[in-house]
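The values are calculated or read from the model by the stated rules, or taken from the named source; none is laboratory data. Please read these numbers as outputs of a predicted model, since none were measured by experiment. Reconstructed Cβ throughout: ideal geometry from the backbone, glycine too, with neighbour counts over all protein chains shown. These accessible areas exclude ligands, DNA and RNA; they are computed on the full protein's heavy atoms, side chains included. Shrake-Rupley method; radii C 1.70, N 1.55, O 1.52, S 1.80 Å.
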Amino acid sequence: MVEIVPITAAYIESFHRTLDFVARERRYLSFVQAPPLDSTRAFILNNIQEGYPQFVALSAGDVVGWCDVTPKSGPIDARVGVLGMGLLPQFRRQGNGTRLMAATLEAARRVGFSRVELNVYRSNTDAIRLYQKAGFVLKAVQPREARDDGFDKTLLVMALALDTGR
Ligand SMILES: CC(C)(COP(=O)(O)OP(=O)(O)OC[C@H]1O[C@@H](n2cnc3c(N)ncnc32)[C@H](O)[C@@H]1OP(=O)(O)O)[C@@H](O)C(=O)NCCC(=O)NCCS
């Protein structure tokens with residue numbers, strides 16, 4: 001049973017381990033290891049304090065996945081959020097990403113984000129399908145110099161307009 005809940009301070013270390021694992025897969029995220037635990041803790045505590053949506057998937061009390069929306073940049077873009085997510089391999093393709101995304105987008109709408117953006121590698125077809133199902137549309141394609149990574153690192157920029165009712 002995988003439970004989707006808002007993150008709390010108690011889950012920071014477990015979240016950090018999961019983020020680090022997915023980063024080290026080197027296929028999905030733009031970084032190859034998690035940031036240091038201290039800066040991750042500061043980031044999460046700030047998200048909680050500001051009310052930014054950050055949900056985690058829990059299995060047997062451990063964080064096995066996450067989905068968050070945080071502001072893109074400073075005050076000018078305050079209502080534009082950037083979405084990030086991931087799951088440990090053994091928890092993928094079971095609907096957990098769909099559930100994490102639904103909870104996070106609902107919270108993003110509630111706190112007033114009017115648009116959510118994300119970046120995804122063109123090779124990441126599972127993620128792209130999930131984003132399309134949630135209504136994200138392709139906004140830009142950023143080719144990368146060919147590198148011998150063995151997969152297509154062309155970056156797709158996708159976006160979703162949220163009806164905040166404001
Ligand atoms: C991208 C990611 C978060 C998607 O989450 P997920 O839980 O795998 O996604 P879902 O299971 O909700 O949906 C993916 C597929 O599994 C299918 N699926 C859902 N429940 C299923 C079930 N019970 N049995 C079989 N397949 C199922 C879905 O239908 C979907 O496939 P479809 O769109 O072809 O129908 C996850 O694959 C992941 O962590 N990938 C690595 C990290 C990553 O890429 N992060 C995003 C970077 S941009």
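With the simple spin-label model, which puts each label point 7 Å out from Cα in the Cβ direction, the residue 80 to residue 62 separation comes to 3.8 nm. Rolling a 1.4 Å probe over the protein chains gives residue 29 an accessible area of about 30 Å². Remark: segment 22-36, residue by residue, has Karplus-estimated 3J(HN,Hα) of 5, 4, 6, 5, 6, 10, 10, 9, 8, 10, 9, 7, 5, x, x Hz, where x stands for each Gly or Pro and the curve is 6.51 cos²θ - 1.76 cosθ + 1.60 at θ = phi - 60°. Taking 7 Å steps out from each Cα toward its Cβ at residue 149 and residue 111 produces label points 2.8 nm apart. With contacts taken as Cα pairs under 8 Å at a separation of at least 6 residues, segment 3-161 carries a relative contact order of 19 percent.
Taking all protein chains together and a probe of 1.4 Å, list 104, 70, 98 from the most accessible to the least accessible.
Details: 104 0, 70 20, 98 70 Å².
Sorted by accessible area, descending: 98, 70, 104.
According to the square roots a ≥ b ≥ c of the eigenvalues of the Cα gyration tensor, what is the shape class of segment 3-161, taking rounded for a/c under 1.5, prolate for a/b larger than b/c otherwise, and oblate for the remainder? It is rounded, given that a/c, with a ≥ b ≥ c, falls under 1.5. The shape of segment 11-94 comes out prolate: with a ≥ b ≥ c from the C-alpha gyration tensor, a/c is at least 1.5 and a/b beats b/c.
With a 1.4 Å probe and all protein chains in place, put 100, 160 in order of accessible area, largest first. Walk me through the intermediate numbers first.
Values: 100 0, 160 20 Å².
Largest accessible area first, the residues go 160, 100.
In what order, largest first, do 113, 21, 151 sit by accessible area if the probe radius is 1.4 Å?
Numbers: 113 10, 21 105, 151 35 Å².
Most to least solvent-accessible, the answer reads 21, 151, 113.
Annotation: residue 50 carries an accessible surface of approximately 100 Å², with a 1.4 Å probe and no ligand, DNA or RNA atoms counted.
In terms of the Cα gyration tensor, with a ≥ b ≥ c the square roots of its eigenvalues, is segment 78-166 rounded because a/c is under 1.5, prolate because a/b exceeds b/c, or oblate?
On the way: a/c = 2.63, a/b = 1.41, b/c = 1.86.
Here segment 78-166 falls in the oblate category.
Choose one answer from 107, 42, 57: the residue with the largest mean-square fluctuation in a GNM of the chain with alpha-carbon springs under 10 Å. It is 42. Provide the solvent-accessible area of residue 30, counting protein heavy atoms only and rolling a 1.4 Å probe, rounded to the nearest 10 Å². Approximately 100 Å² of residue 30 is accessible to the 1.4 Å probe.
Phi angles of segment 96-113 translate, via the Karplus equation with coefficients 6.51, -1.76, 1.60 and θ = phi - 60°, into HN-Hα couplings of 5, x, 4, 5, 4, 4, 4, 5, 6, 5, 4, 5, 4, 4, 5, 8, x, 5 Hz per residue; Gly and Pro are given as x.
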